[in-house]
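Laboratory data are not the source of any read-out in this text; all were calculated from the coordinates shown. Small disclaimer: the values here were computed from a predicted structure and weren't measured. Positions of Cβ are generated from backbone atoms using ideal geometry, with glycine treated the same way; all protein chains shown enter the neighbour counts.
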Amino acid sequence: KNQVEQSPQSLIILEGKNCTLQCNYTVSPFSNLRWYKQDTGRGPVSLTIMTFSENTKSNGRYTATLDADTKQSSLHITASQLSDSASYICVVSARGSGGGADGLTFGKGTHLIIQP
Amino acid sequence: DTAVSQTPKYLVTQMGNDKSIKCEQNLGHDTMYWYKQDSKKFLKIMFSYNNKELIINETVPNRFSPKSPDKAHLNLHINSLELGDSAVYFCASSLALGLGEQYFGPGTRLTVT
């Protein structure tokens, strides 16, 4: 069964500090992995998308890594800001039999709170 | 110039009623989705439409029926609403199923009393 596990479930850090969120998956065959940021009361917004051949991808202060061998991904946030307070969701896409990707498996998210 | 829009933003209704939520995307995408996010903030995919064809139906009750008049619109109709249907419903679209970024709408908060 395809699964995506995220840790920690919630995290509180001080403004300016760095943090790393984890995502482990058992989705197979793997197509791509995405990280989304969801602010309270809003829809998720894509941060990064990584395919099998990509080990790291950055989007400003957000850096995602992918280890396809161990089926792990991390999202590192540098110099956190109050606006980083949100839920971060890991989503893994499985490749379909027709060659196109299908099947999205969502993690339950990490709720991040940045304190001043 | 909103990419994915949903109406209404809030919906309060009584058990047993029938209601619809509308979604439109102006991105020219082929695939649209409906998600349900419950009180625990867990996002679950309900349906996916690719060029007006249903691709995924994650075993949601048949009281939920998606309707896509064209590839820019995916509406969600819910019959005989139940208390457990209370949640935030998100519409999203992407270039193709599972490929590329998904763009989410602002959500519709449904409250069934």
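Observations on the model:
- Note on chain A: Cα-only Rg and Dmax are 14.0, 50 Å.
- For A:Thr48, the amide hydrogen comes within under 5 Å of the amide hydrogens of A:Trp35, counting only partners 5 or more places away or on other chains and with H modelled in the peptide plane.
- Euclidean distance of C-alpha centroids, the range B:1-17 and the range A:42-116, integer Å: 28
- Per-residue 3J(HN,Hα) values for the range B:43-48, derived from phi via the Karplus relation 6.51 cos²θ - 1.76 cosθ + 1.60 with θ = phi - 60°, read 8, 10, 6, 9, 9, 9 Hz in sequence order (x marks Gly and Pro).
- Between amide H atoms placed 1.01 Å from N, distances below 5 Å from B:Gly105 occur with B:Cys91, B:Ala92, all of them 5 or more places distant or on a separate chain.
- Residue ranges A:22-34, B:37-49 sort as A:22-34, B:37-49 when ordered by packing (mean number of other C-beta atoms within 10 Å per residue, highest first).
- Burial ordering of A:Glu5, B:Glu101, fewest other beta-carbon atoms within 10 Å first: A:Glu5, B:Glu101
- Mean partner shielding of peptide A:83-90, defined as the number of other chain Cβ atoms within 10 Å of each residue Cβ, is 1.
- Local electrostatic count, A:Ser10, Cβ distance below 13 Å [Lys/Arg +1, Asp/Glu -1]: +3
- Greater than 23 Å apart at Cα, pairs in B:Lys22/B:Lys44; A:Lys1/B:Lys52; B:Lys9/B:Lys41; A:Lys37/B:Lys9: A:Lys1/B:Lys52
- With N as its number of residues, the range B:28-83 has a Cα radius of gyration that, divided by 2.2 N^0.38 Å, comes to 1.16.
- Over the C-alpha trace of the protein assembly as shown, radius of gyration and Dmax come out as 17.6, 50 angstrom.
- Mean per-residue shielding of peptide A:34-46 is 5, counting Cβ atoms of other chains within 10 Å of each Cβ.
- Taking chain A, the Cys residues with no second Cys beta-carbon under 4.7 angstrom are A:Cys19.
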